[in-house]
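Working notes, beginning with the structure itself.
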Amino acid sequence: MSFILKITAGKDAGSEFVLHEGKNMIGRSRASDVRVFNEDVSGKHFSIDITNGIAVLQNLSGYGTRVEGKVVRETQTLSSGQIIEAGKSLKFLFEAVGEDSPEKSGGAVTQVTELSDKVKFTGSGEENAAETETEILSVEKLFEEKELPPGEKEPSAAPAEIRSETLLQQTAVTSFAPDTVIEEKQEKKKEPESKTGLEGLSQFGTYLTENSEKTAAIADLTRADETRTDDTPAETGNTTAGFFSFFRGGRGTDTVVRNKKGGEEQQMLFEEYDESEKTSVNETQVVQTRMATADEIDFIKNQIRKQQQNRFFFKFLIFSLFVILLGILWVLKMPEAEKSLEWPVTVENGSKIPRTRNIPVFGQSRDTGGFDIYCPDWPGVTKEEENNVVVIKSFLGRKGEVPLTITVLREFSNEFVYEKHEDARLNALKRLPEKMNKKFDFDENRVVSYFMVPSPEQSENGVPVDKVEYRMSSGRACYGILRFFRHGGTNYIVRAEVPAEEKSRAYSILNGNTFIAVSQEFQRRHWEGSDKYSRSDIAKAVIGAKSELQRNSPMHYPHLERMLKSILAQAVYEENLSVRNEAEKLLGDLREKQQHWYNGQKIRWISAVRVNDAAEKYRIRKDCETVVPDPGDKRWLNIMRGHWE
């Protein structure tokens, strides 16, 4: 008993496969005995093991195999007529075909025709040749014993046709290697009644001889009866002998075909094909499927690897172009970098308002007659105060990206009241590294002095301030500008610094801003020590200063100012607070009288300029030099420059 497997649904529906004794592998793999091409089928999906006429199915795929709709877990014995399902759409019909019982298989002619589509056998050439001859003789005997139906024309032609067709099919399905599958696509036959199998075979041999297309003849072999109509036998020669020898797997083996008709024997000798003609796939419909060699597998792998590399390179190229495009767009849309750092501003109603924060220091403020430290108002501004040192951390720039540190140092001593301004500054800078525990490099050659006033519009006497550039190398290198000013016996040092690499961008803002906001009261009562102050009985000196101030004589203002400053210096030195407070009040009154007189001189100057009175301008300048003779007074500087605010 033999078994066939027919595809009833899925790709290649209608194809049939003869199962051989032993294990038959079914799947998409090239090594499968029954190869299918459905994408949802595994390489080795299931196997059918045929032993002693019993077929056992074993599932090998994780997708599962079903028999009659039931999932096969491991193995299942098959019966003829059962439906086997693999994947989603692939279905097989499993049938058993009895070799000795034509009634079970639907007749010998039907059996042979069904087996001719796609088959595979294994074995040696000699064994297959013997089996072929035996099966041909058995078919002849079968037709001789069978009674033909009534009314059949030319009853003698059927056995010959069957014998010829059987010969072609049996020899065509004989394999030449255990792992090689021979597939043959055969068209449905429409034979003329006047032809016999041997005549068709002779015409096939004549076709090979005339056209010399030996490999194309393999596909035409099964259609010989319907393509030739003449009755003249042809000499087969050695070509067709090679065809049968090739498909039996033997080289140099002759096959004798006997046809008993009218007591005559015809013998045809066939020789094998040339090796190059056996494997021509383009010229024949016989498809030869085999395992790929190691070289072919390496070639395919290299091709796949090159394709993957090309895809990766293409994707990388696209990604790089995209990144470059984004970079170009970002550069084009990026705001221009600040060449010079700016003070942060807030835009309100189309106007830019500086974001400034005033921070009181040392327990006094601008509101109480002292001064504040002002800095950019930005999130994260901090203040730390300890031991007469205040550290304020803020930021510069439109986006606040540059850190700004403002440090205020206060030091006082009774001896400071008898130091002149320049000596006081030099001594304070010498003490600074020790007090701050840092190393400073001061640019003493570029000391700039100016007057600090409560507001730019005021022309009153200001507070003298010295400005010095420096570098600090301890820790992170910094660049900054230091401002030094005094009030009585107290010295103040205000440092504003940024990282050293931001010097060029931060210079203008550090140089143009004092970061010190003094009150008008602080400026009016301001005084500082000098080495020219005389020492006397400060109580009697205060009484004399009061009477001198009541005289209201502008020419005596310079003498009265020196007298009051000497009283203040001695009061600070002696720590006489009451005399100091009274003297500071008298000094404030004197400053107010000086300002009134100075404003009157400005009016005289404007009138003289209007009429171009040079003599009057000269007298005004000489009077001002007499009333305001102190170089530490801002008004004296204006007179010397000829600049009237």
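Could you list, in sequence order, all residues of the stretch 309-348 that are of a type in the set (Lys, Arg) and either closer than 30 Å to SER508 by Cα or open to solvent by less than 90 Å² (accessible area, probe 1.4 Å) (or both)? LYS333, LYS339, listed by residue number. Among the conditions (1) open to solvent by less than 50 Å² (accessible area, probe 1.4 Å); (2) under 25 Å from GLY489 (Cα atoms), ALA608 misses just one, which is (2).
Here are some residues: VAL609, VAL542, VAL579. Which one is under 24 Å from ILE639 (Cα atoms) and in contact with a helix residue (DSSP H, G or I) (Cβ under 8 Å, 6 or more places away or on another chain)? Step through it out loud before you land on a result.
Values: VAL542 fails: under 24 Å from ILE639 (Cα atoms); VAL579 fails: under 24 Å from ILE639 (Cα atoms).
Of VAL609, VAL542, VAL579, the one residue that is under 24 Å from ILE639 (Cα atoms) and in contact with a helix residue (DSSP H, G or I) (Cβ under 8 Å, 6 or more places away or on another chain) is VAL609.
Tell me whether the stretch 443-456 contains one or more residues that are more than 19 Å from ASN511 (Cα to Cα) and in contact (Cβ under 8 Å) with a residue 60 or more places away in the chain. So far as the stretch 443-456 goes, no, none of its residues is more than 19 Å from ASN511 (Cα to Cα) and in contact (Cβ under 8 Å) with a residue 60 or more places away in the chain. The test for being within 24 Å of ASP623 (Cβ to Cβ), touching a Phe, Trp or Tyr at 6+ places or on another chain (Cβ under 6 Å) and either modelled with pLDDT of 85 or more or assigned to a loop (DSSP other than H, G, I, E, B) (or both) holds for LYS565. Being crowded, with 21+ Cβ neighbours inside 10 Å and under 23 Å from ALA539 (Cα atoms) is a description that does not apply to LEU590.
In this structure, is PHE395 among the aromatic types (Phe, Trp, Tyr), surrounded by fewer than 18 Cβ atoms within 10 Å (Cβ to Cβ) and in contact (Cβ under 8 Å) with a residue 24 or more places away in the chain? Spell out the reasoning first.
Details: among the aromatic types (Phe, Trp, Tyr): yes; surrounded by fewer than 18 Cβ atoms within 10 Å (Cβ to Cβ): no; in contact (Cβ under 8 Å) with a residue 24 or more places away in the chain: yes.
Here the answer is no, as PHE395 does not meet what is asked.
This table checks each residue for (1) over 18 Å from the mean Cα position of the chain (by Cα); (2) not in a loop (DSSP other than H, G, I, E, B).
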position	(1), (2)
GLU296	yes, yes
ASN302	yes, yes
LYS306	yes, yes
PHE316	no, yes
SER320	no, yes
VAL323	no, yes
GLY327	no, yes
GLU338	yes, no
GLU342	yes, no
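Of all residues in the stretch 36-49, exactly one satisfies the criterion of being open to solvent by 20 Å² or more (accessible area, probe 1.4 Å) and at pLDDT 90 or above, namely ASP49.
Of everything in the stretch 375-392 that is within 38 Å of the chain's Cα centre (by Cα) and free of Cβ contacts under 8 Å to residues at least 24 places away in the same chain, the residue that is most open to solvent (accessible area, probe 1.4 Å) is PRO379.
Please work out which residue is least open to solvent (accessible area, probe 1.4 Å), limiting yourself to the stretch 611-645 and to residues that are of a type in the set (Val, Ile, Thr) and more than 30 Å from GLU422 (Cβ to Cβ). Give the derivation first.
Within the stretch 611-645, the first condition is being of a type in the set (Val, Ile, Thr), and the residues that meet it are 611, 620, 626-628, 639.
If we keep only those that are more than 30 Å from GLU422 (Cβ to Cβ) too, we end up with 611, 620.
On the way: VAL611: 104, ILE620: 0 Å².
For the stretch 611-645, the residue satisfying everything is ILE620.
Out of ARG495, ARG486, one residue alone is out of contact with any His (no Cβ under 8 Å at 6 or more places or on another chain) and within 24 Å of GLU469 (Cβ to Cβ). It is ARG495.
When the stretch 7-31 is filtered for residues that are surrounded by 20 or more Cβ atoms within 10 Å (Cβ to Cβ) and free of Cβ contacts under 8 Å to residues at least 40 places away in the same chain, the ones remaining, listed by number, are LEU19, ASN24, GLY27.
Just the residues that are aromatic (Phe, Trp, Tyr) and within 21 Å of SER455 (Cα to Cα), please, taken from the stretch 589-645.
Step one: filter the stretch 589-645 for residues aromatic (Phe, Trp, Tyr), giving 597-598, 605, 618, 636, 644.
Within the stretch 589-645, TRP597, TYR598, TRP636, TRP644 qualify.
Considering only residues in the stretch 524-572 that are β-branched (Val, Ile, Thr) and more than 29 Å from ILE406 (Cβ to Cβ), the one that is surrounded by the fewest Cβ atoms within 10 Å (Cβ to Cβ) turns out to be ILE543. Scanning the stretch 64-83 for residues that are under 53 Å from the mean Cα position of the chain (by Cα) and free of Cβ contacts under 8 Å to residues at least 60 places away in the same chain turns up GLY64, THR65, ARG66, VAL67, GLU68, GLY69, LYS70, VAL71, VAL72, ARG73, GLU74, THR75.
Does any residue of the stretch 37-55 turn out to be more than 19 Å from PHE3 (Cα to Cα), among the aromatic types (Phe, Trp, Tyr) and touching a Lys or Arg at 6+ places or on another chain (Cβ under 8 Å)? So far as the stretch 37-55 goes, yes, one or more of its residues are more than 19 Å from PHE3 (Cα to Cα), among the aromatic types (Phe, Trp, Tyr) and touching a Lys or Arg at 6+ places or on another chain (Cβ under 8 Å).
The values are calculated or read from the model by the stated rules, or taken from the named source; none is laboratory data. A quick note: this is a predicted structure, and the numbers were derived from the prediction, not measured. FYI the Cβ positions are ideal-geometry reconstructions off the backbone, even for glycines, and counts take in every protein chain you see. The area values use the complete protein model at the heavy-atom level, side chains included, leaving out ligands, DNA and RNA. Shrake-Rupley method; radii C 1.70, N 1.55, O 1.52, S 1.80 Å.
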